[in-house]
Amino acid sequence: MHLTSSNPANLTVTNSGLITAIAAGIAFSIAQIVLSCEESGRDTITGDALPTGPVASVSVSPVSSTLQVGATLQLDAAAVDADGTPVENAGFKWVSSASTVATVSHSGLVTGVAVGASTISVTSNGARASSTITVTAAPPPSPPTGGPEPVVGNVILWSDNFNRSSGADLVALYDKRGVQELITDGHSGNAIRFPYTEASSDNLIEKSFAPTTDIYFRYWYRLSVGADPTCGGRNDSGFKWFMPWRAVNPRYTMGVSLLLGGPAGFKNTGLEFSAHDNTSVQMPNPFNQNISKAKTFKTTADGAWHEYTLHVVTGNSGYEQIWVDGLLVLDDSSYHYDHNAEGISLIQFPGTMVQWYPGCEFTVDVDDFAIWHK
């Protein structure tokens, strides 16, 4: 700011504001000094640019938008005078009607905080405009890939690659029910086949091991193309895919069916892999795939090899997790259902068809089976 005097003969002033009286008339000269300060186009206190004219109206863009929690959106404001001429350097004040939903900075940058709606208002010289902001939930993270595998330091309770030379040797180390066949085109060498027909709709092998309360199971499976244990929807209950047993208390049933089950929001889309602890009062029966439905029994009935991994933790707040081809598809660990604390000590799989209908023939091949705990 440059300071001048209206009458230098009476009073002088320096740029630093030092006033020197020369003659009478000082009071008049001081008033003139104030009036004659030269403006630079900026606020003398803040240094901000001053508007070029009076603001008559304000607009904001966009007038409505949607963003996710944690995302940001830049709003732009513009001011015009009564003639519609843009007002340069207009000052704006931004306010959110619900800062718990969305906040706004002094420059109009909006940040989503929580699901809901907020009105972002901008004012200038009494003129006002607003933008409606809807905040939505951020998408869930992609399901983790890469199922658990036994590693050095884990306790291997059982392991079998089914590389036997005869059908008798194939099942010699198991109790069994139904029909089992030796096949030579396994996942890694020979494998075991379970043919489901009218004469053999209840096929399984059974293995015992030390009781374990936190246990993993993994095997590779191959389904015949179009395999459908519901027989075209006639057998809604499907069949028992994998059954971990307690010695005294009821077992778990990992099934494949058309039963709607739960939890809320995750009804069965058809032939999903499911879980249920028969000791649980709280757990839906069945508990269906709640993390991803990309890999189901139906989508893997393609004649190719696929990997199935199951993790079971017994006891209250215990849980089950299922991976298919390394993709986590089911995880009920956050539900904290009641579970009996007795450990798992026996498994049977694949299992029995709940009801058989003609024309429902299919096969299940199994290879590279492992049971372990950390």
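The values are calculated or read from the model by the stated rules, or taken from the named source; none is laboratory data. Keep in mind that what you see is a predicted model, and the values were worked out from it rather than measured. For neighbour counting, all protein chains shown are included, and Cβ atoms are generated from backbone atoms with ideal geometry for every residue, glycine included.
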Residue check, LEU223 touching a His at 6+ places or on another chain (Cβ under 9 Å) and among the aliphatic types (A, V, I, L, M): yes
Subset tally (residues that are aromatic (Phe, Trp, Tyr) and not in a loop (DSSP other than H, G, I, E, B)) for the stretch 52-97: 1
Residues that are touching a residue at least 60 places away in the same chain (Cβ under 8 Å) and over 22 Å from VAL312 (Cα atoms): find the strands (runs of 3 or more DSSP E) completely inside the stretch 178-261 holding 2 or more of those. 181-186, 189-196, 202-212, 214-223
Of the residues in the stretch 129-147, how many are modelled with pLDDT under 95 and surrounded by fewer than 17 Cβ atoms within 10 Å (Cβ to Cβ)? 11
When THR184 is evaluated against the numbered criteria (1) exposed (fewer than 13 other Cβ atoms within 10 Å of the Cβ); (2) of a type in the set (Val, Ile, Thr); (3) at pLDDT 95 or above; (4) under 23 Å from GLY326 (Cα atoms), which criterion, by number, is the only one it fails? (4)
Taking the stretch 306-343 as the search range and keeping residues that are of a type in the set (Asp, Glu) and outside any loop (DSSP other than H, G, I, E, B), which one is farthest from GLY265 (Cα to Cα)? GLU307
Output the residues belonging to the stretch 339-372 that are over 16 Å from ASP228 (Cβ atoms) and either among the aliphatic types (A, V, I, L, M) or modelled with pLDDT under 95 (or both). ALA341, ILE344, LEU346, ILE347, VAL366, ALA370, ILE371
Report yes if some residue within the stretch 233-241 is touching a Ser or Thr at 6+ places or on another chain (Cβ under 8 Å), on the phi < 0 side of the Ramachandran plot and crowded, with 21+ Cβ neighbours inside 10 Å; otherwise report no. yes
